[in-house]
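What follows is a single structure, written as structure tokens, with notes after it.
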Amino acid sequence: MKINTFLPTDYQIHLFHEGTLYESYRLFGAHLVRVNEKIWTRFCVWAPNAETIRLVGEFNNWNGEGYTFHRVNKEGIWMLLVEENLEGCMYKYEIFTKNGERFLKSDPFAFYSELRPNTASIVYSLEGFTWNDHEWKLKKTKKPVYSEPVMIYEVHAGSWKKKKDGSFYTYRELAADLIPYVREHGYTHIELLPLVEHPLDDSWGYQGTGYFSVTSRYGTPHDFMYFVDQCHQNDIGVILDWVPGHFCKDGHGLYRFDGTHLYEYQNSHDRENPVWGTANFDLGKTEVQSFLISNALFWIDYFHIDGFRVDAVANIIYWPNSEGNHANPYGIGFLKKLNKVIFQYDPTILMIAEDSTDWPQVTAPVHYGGLGFNYKWNMGWMNDILEYMETPSEYRSSKHNKVTFSLLYAFSENFILPFSHDEVVHGKKSLLDKMPGNYWQKFAQLRLLLGYMVCHPGKKLLFMGSELGQFSEWKDKEQLDWNLLDYDMHKKMNSYVKELIHIYKRSKPLYQLDHMSEGFEWIDVNNYQQSIFSFIRRGKNLEEFLVIVCNFTHQTYHNYKIGVPKEGKYREILNSDMDIFGGSGCVNKKVLKAVKEEFHGKPYSLEMTIPPFGISILRPVKQRKERNRNGKKEVRSYAISRREREQA
């Protein structure tokens, strides 16, 4: 059998060089092929500046003689057919350049890699895994995420939990422990810090070398498929942190792959990323577009990934290292092309931009002039609210606009509100430790902050450990401080987070109109003297609403009057100051009655207790006709009791 039988077609070659071979992983890399009754191994690589390429590995004692690639076209696609089944074998490409240089490179399209610090690629078949997530995939098509609750748990797989000897949990062990934990708390999605193969643990995966190779730190590709499948069977989506802007410069990786700057920009000013010590992808090069867009589709195709948090979008839409924020047409064009292709392939995917700029229409469709993402991290809200919370309460009146400003633009994009890993590392302190005041006040203000996040328009993201009330910031070389759950206040904090998420998921006004101004209405936005904010959240049925009151000071207020839009009775469904959450117990136990007395521009008003450093959520008590009794219709008020909520 000659190699000609397995050569890429002229059409495949054309598409790759055009930047539209969106399944290039089926052509490039190492693939097992059947020849009559035998399994052979085919290798394909793109290296236009190479003079000679040889395959080296454990199967030939790392001696490439007799394993020389055939050059398929002048643009630099090379192929080799080995008449052996090399599954499980380690290999590299030995590249000799036209300038006389020699490189040993890992396969850019390898599906599996040797455990770091070793760097060889491994021949691996991704076939043979049986998926059982059909119901999950069907559900996604029937329930668009925009009007559904989204509460994301951001996880670093290497430090969520560790074994007693300090080693990592495997993908399968994480499935056994992490998934029940996430389900118990009520999160809807797990977002994993990058899992592409990377040489340095300290980079957390943001400096990758093997974009098609799920890191071997935690197991095999089939192990990761098992993790995702188990998530889906437990009604949990999986989002990957993905880095299409820049990559690791280690010698075995993509950098100067064939002796030239093949994947990265030619110009050093555009190429070098001194902040991260990485190289920026040349996003204007069509072959690089084929590589990266194929990579995104690869994770969806083979691993059933539900979405991507696209890292460092600012570094893509603006020229790297430029002063004055000069727009990069290649980066902008790439993002539009990427998102357009992704949504044509699967319209249920979450494409989330981690963008710190004010670039317009990030979440608008490409055909309307947008970048084409469907979500964007609201970095402005995050920075403002943390600055506000870190300000001692007696001075917060001077920073009142840090809370109100986000509502001026909250509906200009589809936002996710993030408290991510970046905010609790490198000396920034944990969320709990950011809070000023004494021990009790710190916990009270963290409960208030998380409650305010849940009630503010936008989907939600919380980094692991915040639900425990960690005092120390994230220590990426250690597991979370699980021992904190032995302490009363931390255990109560954890109970509060669970209840908060459950209230969120049960309350349509808190998520159905996240992206529409009809879903939010201020009651009192101007009370800077007392630092009290009150507002309304509405569901698609605008008559279905909640009243939220936040007190950002230590003062307690009784008989505090607020305006409400409707007459009748109101019940407090959540109060962060309940003693079971570690609060002081300043709650509204009884039903509150709204009377026809205009206040705060609303036709009705009620009086309530405002807890210190607390958030209170009120729901109108509905009236329903139960049944005829003795010929008379009985009308009864009802509200969901705590016992009913716990049983639901």
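The values are calculated or read from the model by the stated rules, or taken from the named source; none is laboratory data. Quick caveat, the model's predicted, so the values are computed rather than measured. Cβ: placed from backbone, ideal geometry, glycine included. Neighbour counts: every protein chain shown.
Quick notes on this structure:
- Given (1) surrounded by fewer than 16 Cβ atoms within 10 Å (Cβ to Cβ); (2) touching a residue at least 24 places away in the same chain (Cβ under 8 Å); (3) over 26 Å from S125 (Cα atoms), index of the condition Y345 fails: (3)
- Residues being in a loop (DSSP other than H, G, I, E, B) and touching a Lys or Arg at 6+ places or on another chain (Cβ under 9 Å) - total across segment 421-443: 5
- Tallying residues that are within 30 Å of D202 (Cβ to Cβ) and assigned to a helix (DSSP H, G or I) within segment 450-485 yields 9.
- Qualifying positions in segment 448-482 - out of contact with any His (no Cβ under 9 Å at 6 or more places or on another chain), surrounded by fewer than 21 Cβ atoms within 10 Å (Cβ to Cβ) and not hydrophobic (A, V, I, L, M, F, W, C): Y452, S472, K475, K477, E478, Q479
- Residue that is assigned by TED's automatic domain parsing to the domain that holds K38 and either surrounded by 13 or more Cβ atoms within 10 Å (Cβ to Cβ) or part of a loop (DSSP other than H, G, I, E, B) (or both), where the choices are P149, P117: P117
- Filtered by the rule that a residue be surrounded by 15 or more Cβ atoms within 10 Å (Cβ to Cβ) and outside any loop (DSSP other than H, G, I, E, B), segment 588-606 gives L592, A594, F599, K602, Y604, S605, L606.
- When residues of segment 572-587 are limited to those that are surrounded by fewer than 20 Cβ atoms within 10 Å (Cβ to Cβ) and not β-branched (V, I, T), the one nearest to the chain's Cα centre (by Cα): D579
- Qualifying position, being surrounded by fewer than 17 Cβ atoms within 10 Å (Cβ to Cβ), in contact with a strand residue (DSSP E or B) (Cβ under 7 Å, 6 or more places away or on another chain) and farther than 23 Å from Y302 by Cβ, among E87, E75, E51, E18: E51
- When the criteria are applied in full, E184 fails the requirement of being among the acidic types (D, E) and surrounded by 20 or more Cβ atoms within 10 Å (Cβ to Cβ).
- Test: residue in segment 294-317 that is charged (D, E, K, R) and over 21 Å from the mean Cα position of the chain (by Cα): no
- Of residues in segment 1-15 being surrounded by 15 or more Cβ atoms within 10 Å (Cβ to Cβ) and under 38 Å from the mean Cα position of the chain (by Cα), the one nearest to E75 (Cα to Cα): I13
- Any hit, segment 551-572, residues being modelled with pLDDT under 95 and part of a strand (DSSP E or B): no
- Residues satisfying the stated conditions in segment 99-114, i.e. surrounded by fewer than 16 Cβ atoms within 10 Å (Cβ to Cβ) and either on the phi > 0 side of the Ramachandran plot or in contact with a Gly (Cβ under 7 Å, 6 or more places away or on another chain) (or both): N99, G100, E101
- Residue that is more than 19 Å from the chain's Cα centre (by Cα) and not small (G, A, S), where the choices are Y169, Y206: Y169
- A search for C-beta distances below 6 Å between a residue of segment 580-597 that is under 21 Å from W440 (Cβ atoms) and any residue that is among the aromatic types (F, W, Y) and surrounded by 13 or more Cβ atoms within 10 Å (Cβ to Cβ), counting only pairs 6+ apart in sequence or on different chains, returns F581/Y496; G582/F443.
- Tally, over segment 314-330, of residues that are touching a residue at least 60 places away in the same chain (Cβ under 8 Å) and under 23 Å from T20 (Cβ atoms): 1
- A single member of I610, I580, I562 is among the β-branched types (V, I, T) and under 19 Å from S393 (Cα atoms), and it is I610.
- Matching residues, segment 291-320, being hydrophobic (A, V, I, L, M, F, W, C), farther than 27 Å from P274 by Cα and touching a helix residue (DSSP H, G or I) at 6+ places or on another chain (Cβ under 8 Å): L297, F298, I300, F303, I305
- Of all residues in segment 573-587, those being assigned to a strand (DSSP E or B) and not β-branched (V, I, T) number 2.
- In segment 270-305, the residue that is farthest from I349 (Cα to Cα) out of those that are crowded, with 23+ Cβ neighbours inside 10 Å and among the hydroxyl-bearing types (S, T, Y) is T278.
- Within segment 77-99, being among the basic types (K, R) and under 38 Å from the mean Cα position of the chain (by Cα) holds for one residue alone: K92.
- For segment 306-313, the criterion of being surrounded by 23 or more Cβ atoms within 10 Å (Cβ to Cβ), in contact (Cβ under 8 Å) with a residue 40 or more places away in the chain and assigned to a helix (DSSP H, G or I) is satisfied by no residue at all.
- The residue pairs whose first member lies in segment 128-140 and is within 25 Å of E87 (Cβ to Cβ), whose second member is among the aromatic types (F, W, Y) and in a helix (DSSP H, G or I), and whose beta carbons are closer than 8 Å, counting only pairs six or more residues apart or on different chains, are F129/Y226.
- K164 farther than 27 Å from G29 by Cα, part of a loop (DSSP other than H, G, I, E, B) and charged (D, E, K, R): yes
- In segment 87-114, the residues that are within 12 Å of V56 (Cβ to Cβ) and either without any contact (Cβ under 8 Å) to a residue 40 or more places away in the chain or assigned to a loop (DSSP other than H, G, I, E, B) (or both): C89, M90, R102, S106, D107
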